[in-house]
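The values are calculated or read from the model by the stated rules, or taken from the named source; none is laboratory data. Everything numeric here is computed off the predicted structure, so don't read it as measured data. No Cβ is skipped: glycine too gets one built from the backbone with ideal geometry, and neighbour counts run over all protein chains shown. Ligands, DNA and RNA are excluded from the accessible area calculation, which covers all protein heavy atoms including side chains. Shrake-Rupley method; radii C 1.70, N 1.55, O 1.52, S 1.80 Å.
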Amino acid sequence: MSGRGRSRREILLLGLSAAGSLALAGCGDDHKDSRARYLGPIDNGQAPRTDADLCVYGATPAGIAAAVQARRMGLRTTLLAFDDEIGGMMSGGLSASDTGYTSTIGGFAREIFVAIGEHYRSTGPVYNFEPHVARDVFVAVLKKVGVRVVTRQRLAEVVLSGNKIRWINTDGGGTHRANAFVDASYEGDLLAAARVAFVTGRESNSEYGETLNGVQNRPAGSTFLSCVSPYRRDGDPTSGLLPDVSANGLGVTGQQSPFGMDFCFRLCLAHAGANARPFPKPAGYDPERYELHRRYLAAGNRNVMSFMVELPGRKYDLNNSGPVSTNLVGGSTNWATADYARREQIYQDHLTYQQGLLWFLANDPAVPAWQRTQARSLGLAADEFVDSDNWPRQLYVREARRMVSDYVATEGDASGARHCPDPIAYASYKVDSHAVQRVVANNCLVNEGGVDVPVPGPWAVSLRSILPRRQECVNLVVPVCVSSSHVAWSSLRMEPVLMMLGQVAAIAAGMGIRRGVAVQDIAYAEIRAALQRLRMPLPAAAT
């Protein structure tokens, strides 16, 4: 199924009323505002009411995996999308997949990458792809299995009876009832509203006996290699700090920190010409915000715009590279627990910063000629994100809430020092925490929080890491904001892993629904057997 040449509205309406087809309700009238934004319109006067066996909140890859698996199990399934977007980061700009060991990717996740490969006429899985292709693949499989997808459903309220979710209400008057629920959102909003325990930020090293948690002052990929002055007047502490520099102290290595890693937009770029639009100058552009970047470039650094992975179609996935790049360092503070209005402000600040950065690199006369030439040779891919001025609507929320359950994955799991007895999927990417805040030390800028440490090999995620504690909720499964320390999360947070966890979430929830028991009551052996039938890679035995 191809969405190229169609409007987003047309894609959403395909098969709307046909039995067994993709039903995407709640779309409302087309809207003309093409700004990238966190909050879109809601559907006043068209409040959906759904009843299902399983309700999945969040149309992320993990949420799609859960919804598709549930339908394949014969369950009536509702998938709620926060806005009009389907596919989370995979259709939202993260097109160069972080895979770790590809041999550990199985089940629905592998199926998706194989389907992407088929689009490109490959005989095997393809992990680098154009964003619209990922979305088309997701929409096609949702339509094929008959998942009901309801868009523009922002969580407003969770109605509980003791430790069980009865239904959830969404903005605009929507009500969604189900026997069980999956929170597949990047923020963990549903689990929090259901009063499930969670943590944000970074634990201290002492909490779980770790070495990479808490405040991190060790060299990493986001660390300045030479002194860059943090002051408005170069070298003058009395002149105040440059924009986006925190007045927080550096802190002590390993101590607890309320701050998590930084965000950015993952952009799809193309060579300048017919298939690219020049980088736009945002309305709120402030040249002073990029004084730090001028100094960084003047010092001879060449990595502000260097992390580009080639995609099919002569396109590129642009990611953060080094200490001064597309990440808005310190900009993600409070996102996890903020209300929607505050998230919109944070979102727009990221948008203005990153659009302004690219315009600055392409146009400011203080930028070295080589950098301006590089920036001008590229632009936003004109055939991607066509309803939002070729800019993705999905902000890369690398870290938000993390559930706290009966098993917390830690550095011990990622390092191979600990092995859970109930593995459900492998993680295998390095411990990759982006910077957290930009502070001053010895009159020089320091990016604090970066960690870039390989893991010795694939490590297993525990079933209990996706299940809340029984006393908190018996009919909720959480495959994204899983129970893990900041360190373990920094390794397992990649979309292939989260898709596998989403599929497991549906299996656990489905078994609980059919038997009328708590998700915590399903025997691990039964879930393991189901995963083996789906050819999910697992350790040889659960010991």
Next item on the list: Starting with the highest mean, order 420-429, 136-145, 341-350, 449-458 by the number of other Cβ atoms within 10 Å, averaged over the residues of each peptide.
Entry: 420-429, 136-145, 449-458, 341-350
Next item on the list: Measure off 7 Å from each Cα along the Cα-to-Cβ vector at GLN255 and SER122, then give the distance between these two points in nanometres to one decimal.
Entry: 4.6 nm
Check: Amide H to amide H under 5 Å from ASN248: which residues, 5+ apart in sequence or cross-chain, H placed 1.01 Å off N in plane?
Finding: none
Notebook entry, point to check: ³J(HN,Hα) across region 46-54 via Karplus (A = 6.51, B = -1.76, C = 1.60, θ = phi - 60°), whole Hz, x for Gly/Pro?
Noted result: 9, 7, x, 10, 10, 10, 8, 6, 10
Checklist line | FRET E, pair ALA540, VAL114, Förster distance 25 Å, beta-carbon r, rounded to 0.05 | finding: 0.50
Checklist line | Dipole of the chain, positive end: most advanced residue of ILE64, PRO131, SER161 [Cβ charges, Cα centre] | finding: ILE64
Notebook entry, point to check: To the nearest 20 debye, what charge dipole does the chain have about its Cα centre, counting +1 at the Cβ of each Lys and Arg and -1 at the Cβ of each Asp and Glu?
Noted result: 940 debye
Next item on the list: Report the paramagnetic label zone for LEU241: residues of region 322-360 whose backbone N is under 16 Å from a point 7 Å from Cα along the Cα-to-Cβ axis.
Entry: 328-334
Next item on the list: Take the alpha-carbon centre of region 282-357, take the same for region 142-171, and report the distance between them in whole Å.
Entry: 33 Å
Margin query: Given a Förster distance of 56 Å, report the FRET efficiency between SER161 and ASP389 from their Cβ-Cβ distance, rounded to the nearest 0.05.
Written below: 0.80
Notebook entry, point to check: How high is the relative contact order of region 48-206, in percent, counting Cα pairs under 8 Å that sit 6 or more residues apart?
Noted result: 32 percent
Notebook entry, point to check: What are the ³J(HN,Hα) values, in whole Hz, obtained from phi via the Karplus relation 6.51 cos²θ - 1.76 cosθ + 1.60 with θ = phi - 60°, for each residue of region 159-164 in sequence order, with x given for Gly and Pro?
Noted result: 9, 10, 10, x, 9, 10
Notebook entry, point to check: For region 483-543, what is the accessible area per residue in Å² when the probe is 1.4 Å?
Noted result: 33 Å²
Next item on the list: Please report, in debye to the nearest 20, how large the charge dipole of region 368-523 is about its Cα centre when each Lys and Arg carries +1 at its beta carbon and each Asp and Glu carries -1 there.
Entry: 200 debye
Checklist line | Selected from TRP459, VAL474, GLY106, residue furthest toward positive end of dipole (the chain; charges at beta carbon) | finding: GLY106
Margin query: Going by average Cβ density within 10 Å per residue, which order do the peptides 82-91, 97-106 take, highest to lowest?
Written below: 82-91, 97-106
Checklist line | Cut-off 20 Å, label 7 Å out along Cα→Cβ of LYS281, residues of region 365-397 by amide N | finding: 365-380, 389-391
Checklist line | Euclidean distance of C-alpha centroids, region 368-384 and region 68-92, integer Å | finding: 35 Å
Next item on the list: Take each of the peptides 272-282, 363-373, 315-325, average the number of other beta-carbon atoms within 10 Å over its residues, and list them starting from the highest.
Entry: 315-325, 272-282, 363-373
Checklist line | the chain, relative contact order [Cα under 8 Å, separation at least 6], % | finding: 21 percent
Next item on the list: Compute the acute angle (0 to 90°) between the alpha-carbon long axis of helix 61-72 and the principal axis of greatest extent of the alpha-carbon atoms of the chain; round to the nearest 10°.
Entry: 10 degrees
Next item on the list: Mind checking the full-extension length gain between ALA299 and THR211? Use 0.36 nm per residue of separation minus the Cα-Cα distance, one decimal, nm.
Entry: 28.4 nm
Next item on the list: Identify, among THR337, LEU445, PRO365, the residue whose Cα sits farthest towards the positive end of the charge dipole of region 293-452, taking +1 on the Cβ of Lys and Arg and -1 on the Cβ of Asp and Glu, with the dipole about the Cα centre.
Entry: PRO365
Notebook entry, point to check: What is the extension gain from ASN363 to ASP234, computed as 0.36 nm multiplied by their sequence separation minus the C-alpha to C-alpha distance, in nm to one decimal?
Noted result: 44.2 nm
Next item on the list: Using the structure shown, select from LYS144/LYS430; LYS143/LYS430; LYS143/LYS281; LYS315/LYS430 the pairs with a Cα to Cα distance greater than 32 angstrom.
Entry: LYS144/LYS430; LYS143/LYS430; LYS143/LYS281
Checklist line | Inter-site label distance for ALA272 and ALA529 at 7 Å from Cα along Cβ, in nm | finding: 6.3 nm
Next item on the list: Taking the chain as the reference, fit the longest principal axis to its C-alpha atoms, fit the long axis of helix 524-533 to the helix C-alpha atoms, and give the angle between the two in degrees, 0 to 90, nearest 10.
Entry: 80 degrees
